[in-house]
1. Sort the following peptides by mean Cβ neighbour count (other Cβ atoms within 10 Å, averaged over residues), highest first: 91-101, 273-283.
2. For the stretch 107-212, list log₁₀ I(q)/I(0) at each q in 0.13, 0.19, 0.24 Å⁻¹, using the Debye formula over Cα point scatterers of equal strength and ignoring solvent, two decimals each.
3. Given 0.36 nm per residue, what is the gain on full extension from ARG230 to ASP323 after removing their alpha carbon distance, in nm?
4. Starting from the Kirkwood Rh over alpha-carbon pairs, what translational D in µm² s⁻¹ does the stretch 199-289 have by Stokes-Einstein at 37 °C and 0.692 mPa s?
5. Any idea what the alpha-carbon Rg over 2.2 N^0.38 Å comes to for the stretch 240-305?
6. Tell me the label-point distance for the pair TRP281, SER65, using the 7 Å Cα-to-Cβ offset, in nm and rounded to one decimal.
7. Can you tell me the equivalent ellipsoid semi-axes for the stretch 74-131? Use √(5λ) from the Cα gyration tensor, largest first, whole Å.
8. Over all alpha-carbon pairs in the stretch 179-218, figure out the percentage whose distance exceeds 11 Å.
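The values are calculated or read from the model by the stated rules, or taken from the named source; none is laboratory data. Quick caveat, the model's predicted, so the values are computed rather than measured. No Cβ is skipped: glycine too gets one built from the backbone with ideal geometry, and neighbour counts run over all protein chains shown. For the accessible areas, the whole protein counts, side chains as well, though only heavy atoms, and no ligand, DNA or RNA atoms are used. Shrake-Rupley method; radii C 1.70, N 1.55, O 1.52, S 1.80 Å.
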Amino acid sequence: MSEVHIQTSQLQLVPGLLGGFIFVLGLCSLIVKERLYLSETLLAMAFGIAIGPYALNWVDPSQWSSNEKGLSQEFSRFALAIKVMIAGVTLPKKYLMREWRSMTMLLLPVMSIMWLVASSIVKFTFSMSFIQALAIGACMAPTDLVLANAILKGIFAESHIPRHLRNVLTAESGANDGLGYPLLFFSLYLMRLPGGKAIGTWVYASWGYHILLSVAIGVVSGFIARKALRHAETAGWVDKESVLSSSITLALLLVGICTIIGTDSILCCFIAGNSFTWDDWFRVETKDKGLQETLNGLLSMSFFIYFGTIIPWSSYTSENMLDPWRIAVAIILIMCLRRLPTIVLLYKLIPAIHTWQEALFAGWFGPIGVSAIFYSVETIKQLEKNEHSNGGRLSEIVYPIVCAIVFGSVLVHGITIPLVLMGKRVKTTLSASASTIWRHSTRVSIGSMSARRRSRKNGRSDSQSFMPEISAVSTAEKGGLPFYETDTHELDNVSRNNFEIQRTAVVDDNTDRRKPDSCPNTRSLATEIAFHDTLDDDDNGLYIVKHDSEIPSPERVVIAG
């Protein structure tokens, strides 16, 4: 009888642990996402820490390769490239052109201030020169798209965050992940070259070669890929599976090309994604297929499990002035000061951010993640390549500091939403027990209404509106629209950003052209309800305004009081 050999090497453990975690999390995904509102990346990082070398010691990436940091950079490069490509193809038609003012503000003054603020905090917390601190600050300047997706996608985002805000934050994260290069190389050139020569080299090498060439490659490759795929689809040469995967394969192609010629692969992929779906055909074609969202989730969880195993806990000692208290102070200051004050002060210059409440959200949720890991390893590579650089201890501390800040960002942003919602529930419970909630029953009719007026300011209303909640007795599908039998409606005082009616049809009992057979002779309202956009009203009726190019004009609902 042959002996049974049990394989316990990491080569066998890693896929088992990774697959097991993702499978178990998937079994309770609705509870995690829709009830607890926990971030999957936070849970993935916690799992990685648990199985890593400082806890259970089941997985130790330092044993996989002699160059662990190089492995981390390549993993982060591909994760970022695929993420920004998907972000680019999911943005609305010609988005960068339509929102160029907002993007210019977010990518130039806002990002520069974030860089300088983070650098200043690092300088005073860890006692280093400002030029060295600028390199670490450059790693933290981009808002990470991998972490941002955990906030901007899903049930909470769709029900609480306006679409225009989600779009601009996604676009900002995708673009500034690639714009970390010129910020980083500004300080690196100053460390090894005289002032004038450093600035000149920075302009033509960073902005000319890294940025402009990457943008040009992205625009051209996205345009060619779009035309080729559209022609192949029209001619019947390509199947649906290949259409769905085309953006991912294009990202991998561009990473290979840009890495070979030494330019910015991350920015190139984001621009290529925008160019690829410039006419909106690809976005509409793949919108409801789910492949990209599935890949997004798998990639995010895989990376942050890996990140949990590589956090250098042993580096946080007083030897390099990386005491735990310094790390804690840096995390708190960077989370509070790096982005939030700037967005709140400048939001009126950013057209895509409409209110100070949206500015608070956009200012707080600017996470630091995968891109910071990528640029920290790039810093070490550049310092090792140019040994005469005046980097001092920068190469020794940049990676531990950035890992600590990423850990803090994942933790803080991962628990923010559950804490906020918990506070709201407590407040609602106390308020409900102390006061009586006024409710008014009404009927939906055609041609008449009674609606409450709201004050206006600068052509927009920030007050609360009254929106009917439909109590459906029975529903039926006809022409893609659910039909609700509605004898009575209740009017609740809800936020103006809570509801958006995309398509509305009021069916009278005297008209049977759109009434399903299952509905008796009652007035019915056929509507599709999605979340988020503004309500507006006038003397004649309540209008639901959708700020999206797909809906050419506002829809109207007439309510009888």
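1. So the peptides 91-101, 273-283, ranked by packing, come out 273-283, 91-101.
2. Normalising to I(0) and taking log10 leaves -0.56, -0.95, -1.22.
3. 27.8 nm
4. Estimated diffusion coefficient is 237 µm²/s.
5. Dividing the Cα Rg of the stretch 240-305 by 2.2 N^0.38 Å gives 1.21.
6. 3.8
7. 31, 19, 6
8. Roughly 58 percent, once rounded to a whole number.
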